[in-house]
Amino acid sequence: MPKTERPSRFRLPTDVRPREYEIRLEPDLEAGRFRGEVDIAVGVERKRQEVVLHAAELKVERATAHADGVETTARVRADADAQTVTLRFPRPLPAGDARLRLRFSGRLNQHLRGLYAASADGRRYAFSQCEAADARRIFPCFDEPAFKARFRLAVTVPDGLRAVSNSPIEAEHDGPDGHVIRFAPTPLLSTYLFALAVGPLEASAERRLGDVPIRVWHAPGKGHLTELGLEAAAEALRRLEEYFDIPYPYGKLDLVAVPDFEAGAMENAGAVFFRETLLLLDPATVSLNEHKRAGEVIAHELAHMWYGDLVTMAWWDDLWLNEAFATWMAYRVVDDWRPEWRLWQGFEHDRAGALALDALANTHPIYGEVRSVAEATQNFDAITYEKGAAVVRMLEHFLGAEKFRDGVRLYMRRHREGNAVAADLWHALEAASGREVARVAQAWIEKAGFPLVAFGRAKGAADRVLRVRQERFFADPKVAAARRRDRWPVPLVVRWRTTDGSSGVDRVLVDRAATDVTLGADTRLRWYFGNAEAGGFYRVLHDAADRTALLEDLAALTPVERLALANDQWALVRAAKGPIEGFLDVADALGDETDYDVVEGLGGPLAVVDEQIVAPESVEQAHFRGWIARRFGPAFARLGWVPAAGEDDPTRLRRAALLRLLGGIAEAPAVLAEARARLDAYLEDRGTLDPNLADPVVGLAARVGDEALYDRYRALVAEARTPQERRRFLLGLAAFRAPATIRRTLDSTLSPDIPTQDVAFLLMRLLGNPAGRAEAWKFLTRRWAALRRRIPPLMISRLVEALPSLREPRAASEVRAFFAAHPVPEAARTLKQSLEVFRLNAELRRRTAPELARWLADRAG
Ligand SMILES: [Zn+2]
């Protein structure tokens, strides 16, 4: 974010409301400028001498108003801080209809927002990115979501360039200044959904769903990568139309692959923009995770066409609902399309991330008052998306899938093309289900944090009455008891098994701090698990005997439950609610685990043990890595590096997950050497490696690679055959350990060769590289001013979040001091969270290192 911008707390008056924008834009890609005119039909509620609109970094050259057949010219006063222009008329505008006409010009910026310049392969483009409040950088407008209006856009481009916007092209002709493309009027839209892409873009063939043509737009030469994206879009759109019971509202659907883009994707109505990695896929080399992720993001954006675009939040304080709903909906849609991908099982990784963030004292409630756009921007985090989605999912389970869907349909019908607040959704869900929704939902969204639900037997080991207690869970063991005294309406789902082998699931809403729950078992219980299918947003503490009983019958749990059990045990260790053995015993019991998501999920906590608890290059580290190699090595050896003929996807993914443990964490020398050798074969012939191994092999080979290999990666970034391959080699640059390569990667972050979208990712990877982190931090502090210009606001938070990898307590004070001297308002909360994590890691190390050493020594002998 450029330094001049202090996002304003200013809200526009509501007595002048736009109805329709007629916009003419003329971007000049060579000169990096644009000019335009906007003609806004407004309704004026009572006579006004002044009208205020949003505008930022625009030069307004002339402004007039037409009302009652009279044209008047306004004096224009710009306020850069408030991001507004005020039009002052010689005589008041009368109440009634009027037209405001403004002529303006601006620059195509380099910050991936408003209308910005992008280049790829020597070709120039301009793309828009308006959410949250950057439409005002393209044309003067009423830039708040509740001011919905129609848009009629005409764009003049040089011959040979194409333009894509929200609606279909109505007409085009050659004019004196270039080729004029006129788009059909849109339905009512908020300004943040306005879209424009200009450049030498090419389109795929159309795929039709009913009357809706779907196309993928891309930079030249990438047409062969559009098929999987089109398929995912068509499959999602069909399911969404059915779910909402409203046909797709925007006539046509364009999906645009943008070569330089900050977010993953943006749900502009009718013209959705994506990072190339999430839309352009090669069926021959794409990995399953890349394919899944693209399918999920495409479904997420298309869910917004209804939820967000057709019915829009009245203000940014309900942004969470937009995002939580779209996140949940995408999992639902893709799970229906490709059940074999087991999306909800993969959601456990996201739930774990949201729980970890929400366990910090510096977390925030899902819902919070938003006074400025900067405050809204801070909220694009795991709490808004993943915790929000988990809460939506809990509500769906609580009400039943059909009742929930009926409520959503009612909400869409009531507010179509309008604005709504969260309470409108609760009311619709209550009307459809006859159940109490608002109270349960509000508790989860208005309170920060989540409960730890502790289970024990009420009367004795075999009893089927469980004593259930809840308190707020904190990762910090030092948080006082008084702050933990909090409770939620928890929709508990408990799975159990009896000693004679019968099993069942019980559902009960627990409101109180302590309560007894009687399970439906009719004989003695063998075990129970307190969060069936990991559907609830809470942590579970089983008493010790019950946990042991579970470990003896782990295979009876579903994979997502085993993973949740391991994650809960790890969270309990962090919070000093249990010894580190409690987690290690579970991890050890999972050594022969056959499900890839479980193996993958263990990687998170095991990496923390390796990075934060054991000292680098110590005996403990050797013991720890040796234990991983002994425990998970045999499974990897059985699978080998090359898939058997006809091998299924879950097995391929398990091999990749095991490789990450053995190569990525344990750094087993034989595995690293083999990865290096297989890389050479892979570079010769991409067919020699299972696509799911490409990411780990490129990363592991870099760790042991020399400068010559580094040069090859640099060349491969430029010549990559797919966006995923480009990303792979680019991020691979940050995995090299030779000092010269680390310096070169750092320098590259300031060079225009690296697009703005990738700068923060490279730095984050370097912070994760033990040989690079100290250098990366030094570089960051020395070149901050230049880096800041290259890192957009959402990315700054991600970077600050990665800083606790620096580990040393000294680093924590350096980080604190540096950001005190160089404040970053859009990452203020993330900074507090990072400093908290530094502190928690140090405490974890002090407390658990001796226990860990004992546990490892027992196993090393
Ligand atoms: Zn979204």
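The set of residues from the range 511-540 being under 25 Å from residue 574 (Cβ atoms), crowded, with 20+ Cβ neighbours inside 10 Å and among the hydrophobic types (A, V, I, L, M, F, W, C) comprises 527, 529, 532, 534, 537, 540. Selection within the range 304-353: residues that are of a type in the set (Gly, Ala, Ser) and within 22 Å of residue 150 (Cα to Cα). The member of this set that is nearest to the chain's Cα centre (by Cα) is 308.
Could you list, in sequence order, all residues of the range 603-627 that are of a type in the set (S, T, N, Q) and in contact (Cβ under 8 Å) with a residue 60 or more places away in the chain? Don't jump to the end; show me each part of the working.
From the range 603-627, those of a type in the set (S, T, N, Q) are 612, 618, 621; that's our starting set.
Correct list: 612 only.
The test for being closer than 18 Å to residue 12 by Cα, assigned to a strand (DSSP E or B) and either in contact with a Leu (Cβ under 9 Å, 6 or more places away or on another chain) or touching a residue at least 12 places away in the same chain (Cβ under 8 Å) (or both) holds for residue 78. Identify, please: which residue in the range 253-279 is among the β-branched types (Val, Ile, Thr) and in contact with a strand residue (DSSP E or B) (Cβ under 6 Å, 6 or more places away or on another chain) and is, among those, farthest from residue 727 (Cα to Cα)? Out of the qualifying residues, it is 272.
For (1) in contact with a Lys or Arg (Cβ under 7 Å, 6 or more places away or on another chain); (2) surrounded by 17 or more Cβ atoms within 10 Å (Cβ to Cβ), each residue gets a yes or a no:
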| residue | (1), (2) |
| --- | --- |
| 97 | no, no |
| 125 | no, yes |
| 143 | yes, yes |
| 148 | no, yes |
| 180 | no, yes |
| 189 | yes, yes |
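Considering only the range 240-251, I want to know if a residue exists there that is within 16 Å of the ligand (Cβ to nearest atom), within 20 Å of the chain's Cα centre (by Cα) and over 26 Å from residue 760 (Cβ atoms). Taking every residue of the range 240-251 in turn, none turns out to be within 16 Å of the ligand (Cβ to nearest atom), within 20 Å of the chain's Cα centre (by Cα) and over 26 Å from residue 760 (Cβ atoms).
Do we have any residue at all in the range 213-230 that's within 16 Å of the ligand (Cβ to nearest atom), modelled with pLDDT of 95 or more and surrounded by fewer than 20 Cβ atoms within 10 Å (Cβ to Cβ)?
If we filter the range 213-230 for residues that are within 16 Å of the ligand (Cβ to nearest atom), which is where we start, we get none.
No - not one qualifying residue is present in the range 213-230.
Every residue, every condition in (1) open to solvent by less than 20 Å² (accessible area, probe 1.4 Å); (2) closer than 22 Å to residue 604 by Cα; (3) more than 16 Å from the ligand (Cβ to nearest atom); (4) without any contact (Cβ under 8 Å) to a residue 24 or more places away in the chain, yes or no:
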| residue | (1), (2), (3), (4) |
| --- | --- |
| 295 | yes, no, no, no |
| 312 | yes, no, no, no |
| 320 | yes, no, no, no |
| 323 | yes, no, no, no |
| 343 | yes, yes, yes, no |
| 353 | no, yes, yes, no |
| 392 | yes, no, no, no |
| 400 | no, no, yes, no |
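I'm trying to understand the selection: among the residues of the range 297-310, which are assigned to a helix (DSSP H, G or I) and either away from the ligand (no atom under 14 Å from the Cβ) or aliphatic (A, V, I, L, M) (or both)? The answer is 297, 298, 299, 302, 303, 305.
For the range 330-340, the count of residues that are of a type outside the set (S, T, N, Q), crowded, with 20+ Cβ neighbours inside 10 Å, farther than 20 Å from residue 132 by Cβ and near the ligand (Cβ under 10 Å from one of its atoms) is at least one.
The residue list 254, 282 contains one member that is at pLDDT 95 or above, open to solvent by 10 Å² or more (accessible area, probe 1.4 Å), more than 15 Å from the ligand (Cβ to nearest atom) and farther than 21 Å from residue 385 by Cα, which is 282. Within the option set 61, 30, being within 34 Å of the chain's Cα centre (by Cα) and surrounded by fewer than 24 Cβ atoms within 10 Å (Cβ to Cβ) holds for one residue only, 30.
Would you confirm whether or not the range 626-640 contains a residue that is farther than 30 Å from residue 532 by Cα, outside any helix (DSSP H, G or I), out of contact with any Gly (no Cβ under 6 Å at 6 or more places or on another chain) and at pLDDT 95 or above? Yes, the range 626-640 contains at least one residue that is farther than 30 Å from residue 532 by Cα, outside any helix (DSSP H, G or I), out of contact with any Gly (no Cβ under 6 Å at 6 or more places or on another chain) and at pLDDT 95 or above. Only residues that are within 14 Å of the ligand (Cβ to nearest atom) and either farther than 25 Å from residue 362 by Cα or open to solvent by 40 Å² or more (accessible area, probe 1.4 Å) (or both) were counted across the range 372-385, and they come to 2. Where helices (runs of 4 or more DSSP H) sit wholly within the range 330-426, those with at least 1 residues that are in contact with a strand residue (DSSP E or B) (Cβ under 8 Å, 6 or more places away or on another chain) and farther than 29 Å from residue 248 by Cα occupy 343-358.
Out of the residues in the range 541-550 meeting the condition of being farther than 20 Å from residue 597 by Cα and crowded, with 20+ Cβ neighbours inside 10 Å, tell me which one is modelled with the highest pLDDT. Walk me through how you get there before you give the answer.
Just the residues of the range 541-550 that are farther than 20 Å from residue 597 by Cα, to begin with: 541-549.
Now drop any that are not crowded, with 20+ Cβ neighbours inside 10 Å, which leaves 541-542, 546-547.
On the way: 541: 96, 542: 93, 546: 90, 547: 89.
My answer is 541.
The listed residues are 704, 717, and the only one of them that is touching a Lys or Arg at 6+ places or on another chain (Cβ under 7 Å), β-branched (Val, Ile, Thr), open to solvent by 10 Å² or more (accessible area, probe 1.4 Å) and without any contact (Cβ under 8 Å) to a residue 24 or more places away in the chain turns out to be 717.
The values are calculated or read from the model by the stated rules, or taken from the named source; none is laboratory data. All values derive from a computational prediction rather than experimental measurement. With ideal geometry, Cβ positions are generated from the backbone for all residues, glycine too; neighbour counts draw on all protein chains shown. To get the accessible areas, we keep the full protein, side chains included, count just its heavy atoms, and leave off ligands, DNA and RNA. Shrake-Rupley method; radii C 1.70, N 1.55, O 1.52, S 1.80 Å.
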